[in-house]
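Every number in this text was worked out from the coordinates using simple rules, so none of it is lab data. This one's a predicted model, so the numbers in the text were calculated from it and none came from an experiment. A quick note on method: Cβ atoms are made from the backbone with ideal geometry, for glycine too, and the neighbour counts reach across all protein chains shown.
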Amino acid sequence: MEEQVEKVEVCNEHPLVRGLGWLATAVCLLWVGWMARGFMPQRDAGGMPPEVMAMMKPGGAPMVVVKEVEEGAVNTPYEYIGIVEPVQDVELRAQIEGYVLAVHFSEGAVVKQGDLLFTIDPERYQARVDLRKAEIVQTEAELERAESYLKRLESSDVRAITQNDFDKARADVAQGRAAVMQAKANLALAEIDLKDTSIIAPIAGRVGRTVANVGDYVSPALGTLVRIVQTDPIRVAFSVTDKDFLKMRENIADGDISKALRIRLRLPTGTVPDIMGERDFEDNVMSADTATMLVRARFSNKQGFLIPNGYVTVLVDLAEPARSAVLPQQALVTDREGNFVYVIDGDGKATTRRVTAGAMGDGIVAVTGVALGEKVVVQGVQKVVPGQPIQPVDDYRDKAGEAVKK
């Protein structure tokens with residue numbers, strides 16, 4: 001019986017002892033994993049793949065990407081939000097009263113200058129023209145009678161005619177001439193009204209919705225019958241900050257600014273159509289509220305990409321930018337003393353070269369201080385030690401691919 005009690009006591013371990021056992025097991029597993037990690041291939045701090053590290057020259061020379069200094073132009077465009085507006089637009093109204101006999105266009109159609117758009121019933125206005133013509137004939141007949149009477153008086157014996165008769169005859173002639181002039185003026189007015197029965201397009205463009213249809217009674221009080229908007233050419237208005245405006249003026253002080261600048265557009269879809277704008281005009285004052293100058297450029301719109309009141313992005317840059325030495329921006333290194341690059345000398349070593357950075361854009365930077373054709377480090381600059389050999393490649397990603405194949 002005592003032996004059975006002792007066996008039971010041995011089998012029941014204390015919980016603290018069991019926990020310490022599990023902890024010891026976990027520590028052992030972590031140590032084994034850490035030791036195994038040392039035998040696995042690792043990437044270096046610069047991010048180069050193991051295959052590239054395997055291609056390192058004896059002596060531990062780092063592999064970097066190099067590129068020759070090339071000649072190019074940094075021509076980053078200024079970008080502005082522009083609104084499309086027509087060069088001309090006309091709101092047509094009826095100048096007379098009457099019923100519409102015919103509408104000679106379809107809403108939304110493109111019309112030419114001089115096209116007939118509306119015909120208003122001309123019957124009443126034609127009758128007025130005929131009446132005014134008859135009045136002219138009547139007044140001319142009365143004038144002729146007055147002139148004949150005055151001539152008879154002048155050819156008669158002056159002793160038989162009183163001065164009062166002469167004065168009245170001369171007054172009748174003058175009055176007759178005035179009546180003729182008035183009748184002709186009334187005819188001109190009547191002919192204008194008759195002409196206004198035909199409403200003609202004064203400009204070429206696209207017509208919108210009309211409020212007058214066949215049978216409608218129209219008058220000047222009705223307001224706009226239809227609006228014509230010129231769509232080709234078309235204009236884009238955009239605001240340029242005072243700083244940008246003056247900078248352009250300073251850089252192109254001796255030349256024609258219209259020829260020196262290139263104006264393009266980027267549509268809301270992201271497309272940059274192959275059309276160039278021409279400088280139209282800018283306002284004669286700077287906005288005191290926004291410190292901007294409103295500028296307008298004219299564009300051809302044969303394809304109909306530009307719609308009045310639509311928004312586009314205006315791109316303004318130089319038509320012929322200056323060319324200089326250019327490098328990828330990642331080749332430029334900055335420290336307390338300024339900018340520098342790593343230049344590869346004849347011995348395959350990287351040397352520090354101080355440079356002056358100019359304009360930047362599209363991933364490149366204009367620099368002075370390096371010569372065309374010299375090779376500089378563009379990737380892996382963090383691994384370069386000045387005066388130490390390096391292993392230059394055109395693109396380490398391509399080299400890594402070749403290493404994998406081998």
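Here are a few things to note about the model shown:
- Charge context of Arg296, other residues only, Cβ under 9 angstrom, K/R +1, D/E -1: -1
- Where labels lie 7 Å past Cα in the beta-carbon direction, separation of Ser198 and Ser219 in nm: 2.6 nm
- Going from the fewest other Cβ atoms within 10 Å to the most, the residues Asp121, Asp130 appear in the order Asp130, Asp121.
- Neighbour-limited loop hits for trypsin sites (Lys or Arg not before Pro), segment 67-162 (at most 10 other Cβ within 10 Å; DSSP other than H, G, I, E, B): Lys112
- Footprinting exposure proxy for Glu70, Glu374, Glu278 (fewest neighbouring C-beta atoms within 10 Å first): Glu70, Glu278, Glu374
- Hydrodynamic radius of segment 306-362 per Kirkwood, over alpha carbon pairs, in Å: 15.2 Å
- Alpha-carbon gyration tensor eigenvalues x 5, square-rooted, for segment 185-335, Å: 47, 19, 15
- Pairs exceeding a 25 Å alpha-carbon distance, out of Lys67/Lys247; Lys112/Lys195; Lys259/Lys302; Lys112/Lys302; Lys133/Lys195: Lys67/Lys247.
- What the Kirkwood sum gives for segment 93-229 is a hydrodynamic radius of 18.3 Å, with every pair of different alpha carbons counted.
- Segment 92-140: proportion of alpha-carbon pairs further apart than 14 angstrom, %: 65 percent
- Charge context of Arg152, other residues only, Cβ under 14 angstrom, K/R +1, D/E -1: -2
- Taking the fewest neighbouring Cβ atoms within 10 Å as the starting point, the ordered list for Tyr80, Tyr217 is Tyr217, Tyr80.
- Segment Arg170-Glu70, extension gain: residue separation times 0.36 nm, minus the distance between their alpha carbons: 26.2 nm
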